[in-house]
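Shown next, in structure tokens, is the structure this report addresses.
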């Protein structure tokens, strides 16, 4: 029996509510599937921890997390603190310290879900966005001087390294080879002539190793337009940190909303644990009401199973979510239903047995 050690960080807002349903599904699938189980350890880090200790997580948090096979994160963000404090206090340090250089975000139109785009059929939109996750526009490079004066200056630098670009691009090509063999690279190299131009150059170089993959390139503005007008044209999309972040909110919108958007922060070398979190935020406006949609967290749990080496269990979770959505009987208010969060999780567990 394989025992996976899972660190659970509920975080802020609805994080605890949705993560609990993901844990519920993981416990159920390990029981139904057999051959593996989970040992969960919860860490109450986040904004409440900040107000008690002056930081989002303990000084030794990263050392503590190293001992786990994976990390489940609920959400980070609270109106009592600026977002840059919460983000740089917990989420980004984990991504960087554990070299989670791949941010993987699928967008799939499930049966029973109506896209805001006309006449899109289930399964017609099926893309995987591979986002560079440790450098680019989110690299913490820059500074502010003369604060409070009219001459105040703020400099925010984007960092592109050949190694960083090549490894995310290569991962995207390998993924495209296993899917529909189509890859689209997104930059803004017409206006930004250093980092994005390096990115384009690396894509062309790596593409020579994957002649079976059809490669296209789009500027970020054109890509946003095509995500709306023709999302079914995309298979694997690879983009820098900022552009990937923007595009995945848009891709989530066209398949039914952030409540259906899972994500994974991966260290493909497995030298450090990977972290799994739904795309949505902490949603403080509905926190504590028990109406948060847990399906993104449940789908994220499925991504964790896939990465841990349990593909059959991962597929079973995906099919259970698909059945729950297709039946349409149990849905949270964001999807036009009246169910509470736990009821949706219970329904997915029931569908796991089918």
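The values are calculated or read from the model by the stated rules, or taken from the named source; none is laboratory data. Computed from a predicted structure; not experimentally measured. Here the Cβ positions follow ideal geometry from the backbone for every residue, glycine too, while neighbour counts run over all protein chains shown.
What do you reckon, is residue 87 farther than 21 Å from residue 307 by Cβ and part of a loop (DSSP other than H, G, I, E, B)?
Working: farther than 21 Å from residue 307 by Cβ: yes; part of a loop (DSSP other than H, G, I, E, B): no.
In short, no.
Filter region 145-168 for residues that are crowded, with 18+ Cβ neighbours inside 10 Å and closer than 17 Å to residue 192 by Cβ and give the result.
158, 160, 164, 165
Does residue 256 meet the test of being surrounded by 20 or more Cβ atoms within 10 Å (Cβ to Cβ) and under 30 Å from residue 97 (Cβ atoms)?
Values: surrounded by 20 or more Cβ atoms within 10 Å (Cβ to Cβ): yes; under 30 Å from residue 97 (Cβ atoms): no.
So residue 256 fails the test.
Could you tell me which numbered condition residue 293 fails, if it satisfies all but one of (1) under 15 Å from the mean Cα position of the chain (by Cα); (2) modelled with pLDDT of 95 or more?
The single condition residue 293 does not satisfy is (1).
So residue 194 ticks every box in (1) modelled with pLDDT of 95 or more; (2) in contact with a strand residue (DSSP E or B) (Cβ under 8 Å, 6 or more places away or on another chain) but one. Which box is left unticked?
(2)
Could you tell me how many of the residues in region 5-39 are more than 14 Å from residue 86 (Cα to Cα), within 21 Å of the chain's Cα centre (by Cα) and part of a strand (DSSP E or B)? Spell out the reasoning first.
Kept after step one, since they are more than 14 Å from residue 86 (Cα to Cα), are these residues of region 5-39: 5-8, 14, 16-39.
Then keep just the ones that are within 21 Å of the chain's Cα centre (by Cα); that gives 5-8, 14, 16-26.
Imposing the further condition that a residue be part of a strand (DSSP E or B) reduces the set to 5-8.
The number of residues fulfilling the criteria is 4.
Of all residues in region 90-121, which are free of Cβ contacts under 8 Å to residues at least 60 places away in the same chain and not in a helix (DSSP H, G or I)?
118, 119, 121
Counting only residues that are in contact (Cβ under 8 Å) with a residue 60 or more places away in the chain, assigned to a helix (DSSP H, G or I) and out of contact with any strand residue (DSSP E or B) (no Cβ under 9 Å at 6 or more places or on another chain), which one in region 290-301 is surrounded by the fewest Cβ atoms within 10 Å (Cβ to Cβ)?
296
So, in region 57-71, how many residues would count as being touching a residue at least 60 places away in the same chain (Cβ under 8 Å), exposed (fewer than 14 other Cβ atoms within 10 Å of the Cβ) and in a helix (DSSP H, G or I)?
0
Just checking, does region 159-169 include any residue being in contact with a helix residue (DSSP H, G or I) (Cβ under 6 Å, 6 or more places away or on another chain), in the same structural domain as residue 132 (by TED's automatic domain parsing) and either outside any helix (DSSP H, G or I) or farther than 28 Å from residue 230 by Cβ (or both)? Even if it seems obvious, please write down each step before you answer.
First, the residues of region 159-169 that are in contact with a helix residue (DSSP H, G or I) (Cβ under 6 Å, 6 or more places away or on another chain): 160, 165-166, 169.
Pick out the ones that are also in the same structural domain as residue 132 (by TED's automatic domain parsing) and you get 160, 165-166, 169.
Now narrow it down to the ones that are either outside any helix (DSSP H, G or I) or farther than 28 Å from residue 230 by Cβ (or both): 160, 166.
Yes, the conditions are met somewhere in region 159-169.
Among the residues of region 24-56, what is the count of those that are touching a residue at least 60 places away in the same chain (Cβ under 8 Å) and crowded, with 21+ Cβ neighbours inside 10 Å?
So the count comes out to 3.
Output the number of residues of region 304-345 satisfying the condition of being part of a helix (DSSP H, G or I), more than 20 Å from residue 122 (Cα to Cα) and in contact (Cβ under 8 Å) with a residue 24 or more places away in the chain. Can you show your working first?
We begin by selecting, within region 304-345, every residue part of a helix (DSSP H, G or I); these are 304-308, 311-327, 333-335, 341-345.
Now drop any that are not more than 20 Å from residue 122 (Cα to Cα), which leaves 304-308, 311-313, 333, 341-345.
With in contact (Cβ under 8 Å) with a residue 24 or more places away in the chain added as a condition, the list becomes 304-305, 307-308, 312-313, 333, 341-342, 344-345.
Of the residues in that region, 11 qualify.
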